[in-house]
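Comments concern the structure below.
The values are calculated or read from the model by the stated rules, or taken from the named source; none is laboratory data. All of these numbers come straight from a predicted model, not from anything done at the bench. Cβ atoms come from the backbone with ideal geometry, glycine included; neighbour counts cover every protein chain shown. The area values use the complete protein model at the heavy-atom level, side chains included, leaving out ligands, DNA and RNA. Shrake-Rupley method; radii C 1.70, N 1.55, O 1.52, S 1.80 Å.
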Amino acid sequence: MAGALPPRLNAIVEEFADVDRTERLDLLLEYANGLPDLPERMQGQELERVHECQTPLFVQAEVEDGDVVRLYFQAPDEAPTSKGFAGILHAGLDGATVDEVLGTPSEFASGMGLADVVSPLRMRSVGAILARIKRQLVDRAA
Amino acid sequence: MPLPADTDPKLQEYAHPERLVTTDWLAEHLGDPDLVVVESNEDVLLYRTGHIPGAHHVDWHLDLNDTVMRDYVSPEGFAALCSARGIRRDSTVVVYGDNFNWWAAYALWVFSLFGHPDVRLLDGGRAKWIAEGREMTTDAVTAAPSDYPVVERDDETIRAFKEDVLAHIGNGPLVDVRSPQEFSGELLHMPDYPQEGVQRGGHVPTARSVPWKRAANDDGSFKSADDLKAIYADEQGLREGDDVITYCRIGERSSHTWFVLTHLLGFDHVRNYDGSWVEWGNAVRVPIEKPETA
């Protein structure tokens, strides 16, 4: 599976897989804290809500220069897990090509060992966020 | 030795004032060796971003639920959970959490399944504590393991199963505490990857809709005893001796209402149906009511 992922996302998956359970949670929190704020031009704009996340999380995918994917997220500080998932997707996929993002398997996160520490049910929201991103990219191309 | 109850005047109006503590009381008793504070949230990472000094974390997914079968931890598992946090059978446990104490109430309810004698909620939960500018820390919390006994779980008195709910239709009050849209069955659309996906929308026939939020103030604390009586007794006609079953989607919001009915209003026979809509809305051949079919 590793070969199919864009390089930066692949590195993140390996980073998580290589550490123990406690460090995995710390790492997830780091990604939550590393998620950039929404740019000013998008403040107050209606973004798509990811309903599968228990807490409000919004995502917008845009395409720059014909092929470069830009990802924007809005997640409250009170929901660090969802924010961490968004942070991982941002760090791993922002700047990738449209084809790379569309080719990212929805279950990519299963290799991160996070299901043990946040529960499998919560992990589903990673796939849900990615599915929304892909659908937005497909809609944009249509 | 359990700690003395909070004597705050608001709490004395409730049926079991000893089940609730104010932020003032907690601040005053932090560090007492007979007290163990537990934080339980919807978000598993939130505790790590900061918690009340000395508070231990209990996660509903990973600590309270069996990780394989859909059920609660075993008696041995519960004893291990308590022991690791230094909780003795005679400790006073105060639980608080995010989101209007949903998961704190859920944790308190699970502690009650195991008959832990003294478990209380922090009125207003995490949000009120923070709003009052009280101390939070990210310091790691450790405890010397306690010798918590292995106690049988009582699944009869305060827990209801699908069969109990089925038998209850037409025979006793069912309280659906979800949002009005979930009650009507209008809200269920979950494209892509449904989380805790439910196949059918609607509610259990004869259930009344009393959203959990009606029992809470905006700061996360519970409404006054008089306000609660006006809702559940005067408006809904529920009586203390009634055999009531509460449910929501997965049993956390209904734990909140279970706490209100049991400890704030003093009802003796309230059970929480933790299978809730995720089980009912997927179960084969159980009756469902929707506005257009009603």
Residues with amide H under 5 Å from that of B:His57, placed H, sequence gap 5 or more: B:Glu39
So for R0 = 51 Å, FRET eff. of B:Asp24-A:Val138 from the Cβ-Cβ r, to 0.05, ends up at 0.40
So if each residue of separation counts as 0.36 nm, and I subtract the Cα-Cα distance between B:Asp243 and B:Ala167, what length gain in nm does that give? 26.2 nm
For A:Glu30 and B:Ala140, what does the FRET efficiency come to when R0 = 25 Å and r is the distance between their Cβ atoms, rounded to the nearest 0.05? 0.90
With solvent modelled as a 1.4 Å probe, how much accessible area in total do chains A and B shield from it at their shared surface, in Å² to the nearest 100? 2100
Measure off, as a whole percent, the carbon and sulfur share of the 1.4 Å-probe accessible area of the stretch B:70-128, all protein chains present. 57
With every protein chain in place, the stretch B:140-294: carbon and sulfur % of accessible area (1.4 Å): 48
Checked chain B with the C-alpha gyration tensor, a ≥ b ≥ c its square-rooted eigenvalues, rounded below a/c of 1.5, otherwise prolate if a/b is larger than b/c and oblate if not; verdict prolate
Under the rule of -39500 (n - 2.57) per DSSP H run of 4 or more residues, summed and divided by the residues of chain A, what mean residue ellipticity at 222 nm is obtained, to the nearest 500 deg cm²/dmol? -15000 deg cm²/dmol
Threshold 50 Å², probe 1.4 Å: give the residues of the stretch A:89-138, in number order, that are less accessible with all protein chains present than with their chain alone. A:Leu121, A:Arg122, A:Arg124
Could you sort the residues of the stretch A:8-55 by number and keep only those whose accessible area is reduced by 30 Å² or more in the all-protein-chain setting relative to the chain alone, 1.4 Å probe? A:Leu25, A:Leu29, A:His51, A:Glu52, A:Gln54
Using a probe of 1.4 angstrom, how much of the accessible area of chain A is carbon and sulfur, in percent? 48
With a/c under 1.5 counting as rounded, go ahead and sort the stretch B:141-186 into rounded, prolate or oblate using the C-alpha gyration tensor (a ≥ b ≥ c being the square roots of the eigenvalues; past the cut-off, prolate if a/b is larger than b/c, else oblate). oblate
Nearest-0.05 FRET efficiency for A:Thr97 and B:Gln236, computed from C-beta distance (R0 51 Å): 0.30
Under 5 Å from the placed amide H of B:Gly124, counting only residues 5+ away or on other chains, we find B:Ser221, B:Phe222
Tabulate in residue order the Karplus-calculated ³J(HN,Hα) for the stretch B:2-14, using 6.51 cos²θ - 1.76 cosθ + 1.60 with θ = phi - 60°, rounded to whole Hz; enter x for Gly and Pro. x, 7, x, 6, 6, 9, 3, x, 4, 5, 5, 6, 7
Apply the Karplus curve 6.51 cos²θ - 1.76 cosθ + 1.60, θ = phi - 60°, to the phi angles in the stretch A:128-136 and return the couplings in whole Hz, x for Gly and Pro. 5, 5, 4, 4, 5, 4, 4, 5, 4
If I build a Gaussian network model for chain A, linking alpha-carbon pairs within less than 10 angstrom, which residue out of A:Gln74, A:Gln60, A:Gln45 has the largest mean-square fluctuation? A:Gln45
In degrees, nearest 10, the alpha-carbon axis of helix B:102-113 is tilted away from the dominant principal axis of the alpha carbons of chain B by 80
What helix-only [θ] at 222 nm does chain B give? Using -39500 (n - 2.57) per DSSP H run of at least 4, over all residues, to the nearest 500, the answer is -6000 deg cm²/dmol
Within the stretch B:63-105, whose backbone N sits under 18 Å from a point 7 Å along Cα→Cβ of B:Glu156? B:75
With Cα springs under 10 Å, the Gaussian network model of chain B assigns the largest mean-square fluctuation among B:Ile52, B:Ile245, B:Ile169 to B:Ile169
Buried by at least 20 Å² relative to the chain on its own: which residues of the stretch B:21-49 qualify, computing accessible area with a 1.4 Å probe on protein heavy atoms? B:Glu42, B:Asp43, B:Val44, B:Leu45, B:Leu46, B:Arg48, B:Thr49
Probe 1.4 Å, heavy atoms of protein chains only: per residue, the accessible area of the protein assembly as shown in Å² is 42
Quick check: residue separation of B:His16 and B:Leu187 times 0.36 nm, minus the Cα distance between them. What number comes out in nm? 58.0 nm
